[in-house]
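Participant: I have a structure here, written as structure tokens, and I will follow up with some questions on it.
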Amino acid sequence: MSDTLAGNKTTTAGTTDGLAVLEQTRSAAETYGIPLAVLLEITHRCPLQCPYCSNPVELDRGSTELTTEEWKKVLSELAELGVLQVHFSGGEPTARKDIVELVQHATDVGLYSNLITSAVLLTKDKLSALADAGLSHVQISFQGNEPMVADRVAGLKDAHRKKLEVARWTRELDMPLTVNAVMHRQNLHQLSDIIQMAVDLDADRLEVANVQYYGWALKNRAALMPTIEQIEETSRIVEEAQVRLKGTLAIDYVVPDYYALRPKKCMGGWGRQFFNISPAGKVLPCHAAESITGLEFESVRSNHSIAWIWQNSEAFNRYRGTGWMPEPCKSCEFREDDFGGCRCQAFALTGDAGNTDPACALSPRHEEIFKQAEQESAGTQNRFLYRNFAGGTLETEAPQEKINGA
Amino acid sequence: MASRNISVSETSRPKLPRHTKLKFDETRQVWVILAPERVLAPDEIAVEVLQLCDGVRSVAEMVDQLAEKYAAPRDAIATDVIAMLQDLADKGFLTEARESTA
């Protein structure tokens, strides 16, 4: 049994990448593998202010969000296209008053629902209503293993206690629980305790996700970048725990690509097996894609279907496959392994999304950027720029002696 | 709560938990298992075994049924079925029916 369908199985032969035209007699899924799962960022509103938030720096205001009826139409359209799962995410998805209604609609049209939440707005009644509406899985983000670090990173008092409470309710309601722990220099010393916390919460899965540096995280890179020693220690801890906890807790591990020699296969390749929909209804090849200026993204509010946008829109086709690649990607033997890495990172660090991702050792910018990251990781700049609609707010004081206390 | 660390044996009576869904994907014309943030592609035999996992049948009964249907050695089938179910259980996609206390 293969672990996932997300590989090549559901896409047509790679040779037609980006050139596939929707034939009238066929569904989009047959001509260009429609993704199995779609990320729905139903709002950018969030009570947390994490300095590494994956939302774009320019957030969608509440007034621009799709309405309940518009989201329901999106859900129905996705199910018809052959999408099997949706991830209700944000922002904080439960900040929308219609979250239960949206989950119920997803269930009604046959979609499997995951909730990706900060948990702090959930009551037991609301969580129970979500379970009754067919919610199949809850993923809760944690910023540390105790309130001092966790609440500071989240920029919200009492957040950690609330998260623990909601995690317990999730298991009481017999829903599978994933603990998502975003790791960086100022909380990596808690990793072993976070793993134990996930076990104690009876979680099914733990995601140990090192921060990826674009958008808000790039603005905070100097305060977040781990040292190479921390990363080596992290890998050792994760590998030991994966063996020890087999059958109890599955641990997924995302390494920071700044310390890699090869770039990540970002999104499985641009426009190959992933898209997400922004609060305002933009269909995006990646949740950070709006950071790339000069690309026009189409909306579900346009007169185009989601299938058409996926197949034919300029933004999806621009970096699909390998035809767009410059050297060193163009002649690289790994070009279909990583598809040149991350477009958003290439844009953020080189000013051109069409360049090789500098995370790759073959990028002419790799050495310079790695050195810069290494210097930042050794620095003492620990103050956060908190994420908010005002373009960010700098932390009032840097609690240097309290952090890095490991 | 669903029990963890299940050890699958011939006396187990496994079933898919509520959050694990076996379904035929009309678009791709394949059977899929939907689980948290995962889509698995079971092969034909796995689909047949999973359809028997109703929390009532024991693994022994499933093996008997399959051995008869395929006129195959019971031992070989038992080994394969238990290994497959154990793999799914380890991933959290299979649970065991609780003993009835009634």
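Participant: Restricting attention to the range A:99-131, which residues are of a type in the set (A, V, I, L, M, F, W, C), more than 14 Å from chain B (Cβ to nearest Cβ) and open to solvent by less than 20 Å² (accessible area, probe 1.4 Å)? Lay out the reasoning, then the answer.
Facilitator: At the first step, the residues of the range A:99-131 found to be of a type in the set (A, V, I, L, M, F, W, C) are A:99-100, A:102-103, A:106, A:109, A:111, A:115-116, A:119-122, A:127, A:129-131.
From what is left, the residues that are more than 14 Å from chain B (Cβ to nearest Cβ) are A:99-100, A:102, A:119-122, A:127, A:129.
Those that are of a type in the set (A, V, I, L, M, F, W, C), more than 14 Å from chain B (Cβ to nearest Cβ) and open to solvent by less than 20 Å² (accessible area, probe 1.4 Å): A:99, A:102, A:119, A:122, A:127.
Participant: Same structure, new question: Among the residues of the range A:201-239, which ones are free of Cβ contacts under 8 Å to residues at least 40 places away in the same chain, touching a Leu at 6+ places or on another chain (Cβ under 9 Å) and open to solvent by 20 Å² or more (accessible area, probe 1.4 Å)?
Facilitator: The one that is free of Cβ contacts under 8 Å to residues at least 40 places away in the same chain, touching a Leu at 6+ places or on another chain (Cβ under 9 Å) and open to solvent by 20 Å² or more (accessible area, probe 1.4 Å): A:202.
Participant: To continue, here is another question. Report, by residue number, each residue of the range B:12-46 that is within 7 Å of chain A (Cβ to nearest Cβ), charged (D, E, K, R) and either open to solvent by less than 70 Å² (accessible area, probe 1.4 Å) or not in a loop (DSSP other than H, G, I, E, B) (or both).
Facilitator: B:21, B:25, B:28, B:37, B:38
Participant: Return only the number of the condition from (1) out of contact with any Phe, Trp or Tyr (no Cβ under 8 Å at 6 or more places or on another chain); (2) surrounded by 13 or more Cβ atoms within 10 Å (Cβ to Cβ); (3) within 14 Å of another protein chain (Cβ to nearest Cβ); (4) charged (D, E, K, R) that residue B:57 does not satisfy.
Facilitator: So the condition that residue B:57 fails would be (3).
Participant: If you don't mind, there's one more thing I want to ask. Take the residues in the range A:288-341 that are modelled with pLDDT of 90 or more and among the hydroxyl-bearing types (Ser, Thr, Tyr), then tell me which one is nearest to residue A:270 (Cα to Cα).
Facilitator: A:319
Residues are listed down the side, and each one gets a yes or a no for (1) modelled with pLDDT under 95; (2) open to solvent by 20 Å² or more (accessible area, probe 1.4 Å):
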position: A:34; (1), (2): yes, no
position: A:41; (1), (2): no, no
position: A:48; (1), (2): no, no
position: A:62; (1), (2): yes, yes
position: A:70; (1), (2): no, yes
position: A:85; (1), (2): no, no
position: A:88; (1), (2): no, no
position: A:97; (1), (2): no, yes
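Participant: Name the one entry in A:340, A:391 that is within 24 Å of the chain's Cα centre (by Cα) and crowded, with 17+ Cβ neighbours inside 10 Å.
Facilitator: Just a single option satisfies the conditions, and that option is A:340.
Participant: Can you name the residue in the range A:343-380 that is modelled with pLDDT of 90 or more and basic (Lys, Arg) and is also least open to solvent (accessible area, probe 1.4 Å) among such residues?
Facilitator: For the range A:343-380, the residue satisfying everything is A:343.
Participant: Of everything in the range A:96-122, what is in contact with a His (Cβ under 9 Å, 6 or more places away or on another chain) and more than 17 Å from residue A:36 (Cβ to Cβ)? Give them in sequence order.
Facilitator: Let us first name the residues in the range A:96-122 that are in contact with a His (Cβ under 9 Å, 6 or more places away or on another chain), namely A:111-116.
Listed by number, the list holds a single entry, A:115.
Participant: Mind checking whether some residue in the range A:117-130 is within 30 Å of residue A:272 (Cα to Cα), touching a residue at least 24 places away in the same chain (Cβ under 8 Å) and touching a strand residue (DSSP E or B) at 6+ places or on another chain (Cβ under 8 Å)? Outline the logic, then answer.
Facilitator: Step one: filter the range A:117-130 for residues within 30 Å of residue A:272 (Cα to Cα), giving A:117-118.
From the residues that got through so far, the ones that are touching a residue at least 24 places away in the same chain (Cβ under 8 Å) too are A:117-118.
In the following step, the residues that additionally are touching a strand residue (DSSP E or B) at 6+ places or on another chain (Cβ under 8 Å) were identified as A:117-118.
Yes; the residues of the range A:117-130 include at least one that is within 30 Å of residue A:272 (Cα to Cα), touching a residue at least 24 places away in the same chain (Cβ under 8 Å) and touching a strand residue (DSSP E or B) at 6+ places or on another chain (Cβ under 8 Å).
Participant: Give the residues of the range A:249-261 that are within 14 Å of chain B (Cβ to nearest Cβ) and either surrounded by fewer than 17 Cβ atoms within 10 Å (Cβ to Cβ) or touching a Lys or Arg at 6+ places or on another chain (Cβ under 6 Å) (or both), sorted by residue number. Spell out how you get there, then give the answer.
Facilitator: Going through the range A:249-261, the residues within 14 Å of chain B (Cβ to nearest Cβ) turn out to be A:249-252, A:254.
Hits for the range A:249-261 are A:250, A:252, A:254.
Participant: Restricting to the range A:140-157, name every residue that is farther than 20 Å from residue A:385 by Cα and open to solvent by 10 Å² or more (accessible area, probe 1.4 Å). Give the steps one after another, and end with the answer.
Facilitator: Step one: filter the range A:140-157 for residues farther than 20 Å from residue A:385 by Cα, giving A:140, A:145-146.
Selection gives A:145, A:146.
Participant: Among the residues of the range A:282-297, count how many are among the β-branched types (Val, Ile, Thr) and open to solvent by less than 10 Å² (accessible area, probe 1.4 Å). Full working, then the answer.
Facilitator: The first filter runs over the range A:282-297 and keeps only residues among the β-branched types (Val, Ile, Thr), leaving A:283, A:292-293.
Still in the running and open to solvent by less than 10 Å² (accessible area, probe 1.4 Å): A:283, A:292.
Residues meeting the conditions: 2.
Participant: Still on this structure, I have one more. Looking only at the range A:298-323, which residues are crowded, with 19+ Cβ neighbours inside 10 Å and not in a helix (DSSP H, G or I)?
Facilitator: Residues satisfying the conditions are A:298, A:300, A:313, A:319, A:320, A:321.
Participant: Which residues, counting only those in the range B:62-97, are at pLDDT 90 or above and β-branched (Val, Ile, Thr)?
Facilitator: Residues satisfying the conditions are B:63, B:77, B:79, B:81, B:82.
Participant: Follow-up. Residue under question is residue A:335, and the condition is that it be without any contact (Cβ under 8 Å) to a residue 60 or more places away in the chain and among the charged types (D, E, K, R); does it hold?
Facilitator: On the way: without any contact (Cβ under 8 Å) to a residue 60 or more places away in the chain: yes; among the charged types (D, E, K, R): yes.
Yes: the conditions hold for residue A:335.
Participant: Of everything in the range A:72-83 that's within 14 Å of chain B (Cβ to nearest Cβ) and open to solvent by less than 10 Å² (accessible area, probe 1.4 Å), which residue is farthest from residue A:288 (Cα to Cα)? Don't jump to the end; show me each part of the working.
Facilitator: Going residue by residue through the range A:72-83, those that are within 14 Å of chain B (Cβ to nearest Cβ) are A:77-83.
Filter once more, keeping what is open to solvent by less than 10 Å² (accessible area, probe 1.4 Å): A:78, A:82-83.
Values: A:78: 21, A:82: 24, A:83: 21 Å.
Here the residue is A:82.
Participant: Just give me the residues in the range A:278-297 being part of a helix (DSSP H, G or I) and polar (S, T, N, Q), in sequence order. Step through it out loud before you land on a result.
Facilitator: Residues of the range A:278-297 that are part of a helix (DSSP H, G or I), as a first pass: A:289-291.
Correct list: A:291 only.
The values are calculated or read from the model by the stated rules, or taken from the named source; none is laboratory data. Since this is a predicted model, take the numbers as computed values, not measurements. Positions of Cβ are generated from backbone atoms using ideal geometry, with glycine treated the same way; all protein chains shown enter the neighbour counts. Ligands, DNA and RNA are excluded from the accessible area calculation, which covers all protein heavy atoms including side chains. Shrake-Rupley method; radii C 1.70, N 1.55, O 1.52, S 1.80 Å.
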